[in-house]
1. Would it be correct to say that Gly193 is within 14 Å of the ligand (Cβ to nearest atom) and more than 21 Å from Val303 (Cβ to Cβ)?
2. Can you find, within the range 203-234, the residue that is farthest from Thr264 (Cα to Cα) among those that are of a type in the set (A, V, I, L, M) and away from the ligand (no atom under 15 Å from the Cβ)?
3. Please determine, by comparing only the residues of the range 59-93 that are touching a helix residue (DSSP H, G or I) at 6+ places or on another chain (Cβ under 7 Å) and of a type in the set (Gly, Ala, Ser), which one is surrounded by the fewest Cβ atoms within 10 Å (Cβ to Cβ).
4. Considering every residue within the range 94-111, establish whether at least one is under 12 Å from the mean Cα position of the chain (by Cα) and within 16 Å of the ligand (Cβ to nearest atom).
5. Determine which member of the set Asp186, Asp153, Asp161 is over 15 Å from the mean Cα position of the chain (by Cα) and farther than 26 Å from Tyr42 by Cβ.
6. Only one of Ala142, Ala135 is more than 15 Å from the ligand (Cβ to nearest atom) and surrounded by fewer than 17 Cβ atoms within 10 Å (Cβ to Cβ); which?
7. Specify which of the listed residues (Ala177, Ala198, Ala191) is in the same structural domain as His122 (by TED's automatic domain parsing), in contact with a Ser or Thr (Cβ under 6 Å, 6 or more places away or on another chain) and farther than 30 Å from Asp41 by Cβ.
8. Of all residues in the range 149-179 being under 15 Å from Ser91 (Cβ atoms) and among the basic types (Lys, Arg), which is surrounded by the fewest Cβ atoms within 10 Å (Cβ to Cβ)?
Amino acid sequence: MKRLGSTARSWRYVLLAFMLAPLLLALALDRAHARDSAAFDYGLVPRQIADGVYVLEGRKEDFSTANGGDIANTGFIVGTAGVIVIDTGSSRRYGEQMRVAIARITPLPVVLTINTHHHPDHFLGNQAFPPDTLAALPATIAGIEAEGGAFNDNLYRLVGDWMRDTEVVVPRRRLAAGRQLVAGRDIELLALGGHTAADLVVIDHVSGTVFAADLVFNGRAPTTPHADIPRWMEAIAQLERLPARRWVPGHGAVHEDTEPLRQTRAYLDWLSRTLQAAAESGLDMAEAMTLPVAAEFRTLALVEHEYRRSVVHLFPAAERAALGSR
Ligand SMILES: [Zn+2]
């Protein structure tokens, strides 16, 4: 009797579980949905840094499922006749949320959407912007065409569902250096390079704001997958001569003086001298990776990680140069 009684009780539990299952499933789905819409919210809040000039500051982190790829600075300038957008972020969702954030500030249309260079955290939000406004330097367009698909696939792996429905949209408007009125705003474009083959700097002359793209990092170690260090350092030297009132780096905080430029240049200088010395003394790549980061750069976010990546990017050329000089 005892055994029969316990079997009957077990069956009652099974029956109860069956009856409750649809209700529990519905509750779970509801909660998952609520969590999703909160989880895929970048929380973009543009910060006004000058009259009509806004920045959306990314985190000083590497790509992750926690940050959804919100690791670079984007910005926009509101003219009298429209909005100039500088970089579109890392995903379709980012671009869409950036547009909503812009629309909260001005009803004016976006008339120019610039991709400063071809790295994925700067252009994969393009889908959210009018296609005829998308513009970049010719070498950036070529870079997006050649590598955009692989970057997009890689970000799906690194940040997951934040990337849902993100596709590469290649800008068709080819930009050139020069100063002109854009949307009623006195804007100058500088066509530089060194971080990548083409890095576009945007100067807003009225406010003295320079969007320096990834030629300048602030408080975060520079990334070097497409770097030409001597050219990059030359570009920074050129930027240092500008009569700017504030600097928007590609990564890290907006700054009023040239300290982030000095910092980026000093790091690049140390990096290239370190790798050159390592190659000349016959170290191999694994040994070069174990070299300590100089004390003055240890406070830079991600510096150990970026140093090791830079060894992979730059050490083979340093080795070739060392062999050539023997
Ligand atoms: Zn970059």
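The values are calculated or read from the model by the stated rules, or taken from the named source; none is laboratory data. Quantities reported herein were computed from a predicted structural model and do not represent experimental measurements. Every residue, glycine among them, receives a Cβ derived from its backbone with ideal geometry; neighbour counts consider all protein chains shown.
1. Working: within 14 Å of the ligand (Cβ to nearest atom): yes; more than 21 Å from Val303 (Cβ to Cβ): yes.
Yes; evaluated as a whole, the condition is true for this residue.
2. Restricting attention to the range 203-234, the residues satisfying the condition of being of a type in the set (A, V, I, L, M) are 203, 206, 210, 212-213, 215-216, 221, 227, 229, 233.
Still in the running and away from the ligand (no atom under 15 Å from the Cβ): 203, 206, 210, 233.
Values: Ile203: 19, Val206: 26, Val210: 16, Met233: 9 Å.
It comes out as Val206.
3. Of everything passing the filter in the range 59-93, Ser64 is surrounded by the fewest Cβ atoms within 10 Å (Cβ to Cβ).
4. Looking through the range 94-111, at least one residue is under 12 Å from the mean Cα position of the chain (by Cα) and within 16 Å of the ligand (Cβ to nearest atom).
5. Details: Asp153 fails: farther than 26 Å from Tyr42 by Cβ; Asp161 fails: farther than 26 Å from Tyr42 by Cβ.
Within the list Asp186, Asp153, Asp161, the selection yields Asp186.
6. Values: Ala135 fails: surrounded by fewer than 17 Cβ atoms within 10 Å (Cβ to Cβ).
After applying the criteria, what remains is Ala142.
7. On the way: Ala177 fails: in contact with a Ser or Thr (Cβ under 6 Å, 6 or more places away or on another chain); Ala191 fails: in contact with a Ser or Thr (Cβ under 6 Å, 6 or more places away or on another chain).
Matching residue, one of Ala177, Ala198, Ala191: Ala198.
8. Of everything passing the filter in the range 149-179, Arg157 is surrounded by the fewest Cβ atoms within 10 Å (Cβ to Cβ).
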